[in-house]
1. Criterion first (closer than 13 Å to residue 105 by Cα, open to solvent by 80 Å² or more (accessible area, probe 1.4 Å) and of a type in the set (Val, Ile, Thr)) does residue 19 satisfy it?
2. Run residue 71 past the list (1) under 21 Å from residue 36 (Cβ atoms); (2) part of a strand (DSSP E or B); (3) out of contact with any Phe, Trp or Tyr (no Cβ under 6 Å at 6 or more places or on another chain) and report the number of the one that doesn't hold.
3. How many residues does region 215-243 contain that are open to solvent by less than 50 Å² (accessible area, probe 1.4 Å) and outside any helix (DSSP H, G or I)?
4. With the structure loaded, tell me whether residue 55 is within 22 Å of the chain's Cα centre (by Cα) and within 25 Å of residue 132 (Cβ to Cβ) or whether it fails that test.
5. Of the residues in region 141-153, how many are within 23 Å of the chain's Cα centre (by Cα) and either at pLDDT 90 or above or basic (Lys, Arg) (or both)?
6. Go through region 114-127 and give me each residue that's open to solvent by 10 Å² or more (accessible area, probe 1.4 Å) and modelled with pLDDT under 90.
7. When you go through 255, 246, 212 one by one, which is the residue that is surrounded by 14 or more Cβ atoms within 10 Å (Cβ to Cβ), of a type in the set (Val, Ile, Thr) and not in a helix (DSSP H, G or I)?
Amino acid sequence: MTESMKEDHHEFLDIIFFTPSEFEKAGGAWPIRIGRNIAKTNYHIGPRTTPYYYLLFVLEGEGTFIQNGQRHALRARDAFCLFPHVTHEYWTDPEDTLQKIFIAFDGAHAAELLSRIGLTPDSPYRSGVLTPETASAMRSFMEDVRKPQDGASDLGRLTRFLTLFDRIARSPATKGLQPDSATPWLQKGKEYMDIHFAGGISVEGVSAHAGVDRTHFAKQFRKAYGLSPVQYIQQLKMTQAKRLLVQTPLSLTEVAHSVGYPDLFSFSKAFKKQVGLPPNRYRTAESSKE
């Protein structure tokens with residue numbers, strides 16, 4: 001127990017609250033609070049819900065965790081996550097009381113961040129995740145942000161937060177974990193195409209980035225999205241081309257180069273095949289609608 005811990009009726013608690021800056025909230029996820037506790041023998045949380053994501057690690061002791069009708073035995077080094085607006089309940093074994101360290105966070109991509117370490121609403125528990133290095137990093141995080149006047153900033157806080165997840169994702173217990181239905185490698189390939197479609201990418205390059213065989217990637221991509229990877233890249237190019245034709249004064253050649261075609265001829269041929277009109281007629285037709 002440390003001097004920073006405060007006692008209440010069922011635990012000793014050390015918790016630090018954050019007020020996220022606009023810079024933090026502009027990102028995909030940001031920390032809201034971090035803390036640690038030592039449970040008393042009567043420690044019992046819930047049933048209740050939380051508005052945020054809570055990632056908790058068991059430092060010592062044993063207990064029980066229930067969420068989504070699933071019941072999990074808690075032991076040292078285990079991780080469990082409280083997902084927002086989902087009823088949860090957890091308590092300690094009175095004979096071996098829980099000690100935990102935890103971090104709460106929010107953001108549009110918070111759930112994706114958790115999926116990187118194998119935690120989803122359907123699978124909110126993982127055993128053996130906490131390493132001594134991760135526990136030490138979280139304690140260091142707490143000490144660094146305990147006194148903001150000593151130099152802790154929103155950038156430093158966010159860096160610590162994301163580094164924590166990177167550390168966990170690289171640990172032996174979570175490395176390679178994938179959510180059951182999300183198929184992260186497939187999503188990884190799709191996101192790569194979404195960003196780099198105009199950069200001359202190939203299906204071979206996309207599948208290599210995703211870390212799977214080209215044939216397997218193409219087959220699973222078509223099964224998931226109803227298009228081959230080549231068709232999807234082509235669709236992205238045409239969608240962007242149509243936007244540029246209508247919303248910008250770029251010449252047809254400039255539009256062609258902007259979406260990854262080497263010349264106007266190949267762009268015009270592909271555009272007419274996909275859209276049904278040559279790009280110049282499409283621009284004229286769309287302009288007349290305004």
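The values are calculated or read from the model by the stated rules, or taken from the named source; none is laboratory data. Model, not experiment: these values are computed from the prediction. Counting neighbours? That spans all protein chains shown, and the Cβs are built from the backbone with ideal geometry, glycine included. Each accessible area value is taken on the protein alone, full model and side chains, heavy atoms only, with ligands, DNA and RNA left out. Shrake-Rupley method; radii C 1.70, N 1.55, O 1.52, S 1.80 Å.
1. yes
2. (1)
3. Number satisfying all stated conditions: 2.
4. yes
5. Final tally of qualifying residues: 2.
6. 115, 116, 120, 121, 122, 123
7. After ruling out the rest, the residue left standing is 212.
Conditions tested, residue by residue: (1) open to solvent by 20 Å² or more (accessible area, probe 1.4 Å); (2) in contact (Cβ under 8 Å) with a residue 40 or more places away in the chain.
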{"position": "57", "(1), (2)": "no, yes"}
{"position": "61", "(1), (2)": "no, no"}
{"position": "83", "(1), (2)": "no, yes"}
{"position": "96", "(1), (2)": "yes, no"}
{"position": "104", "(1), (2)": "no, yes"}
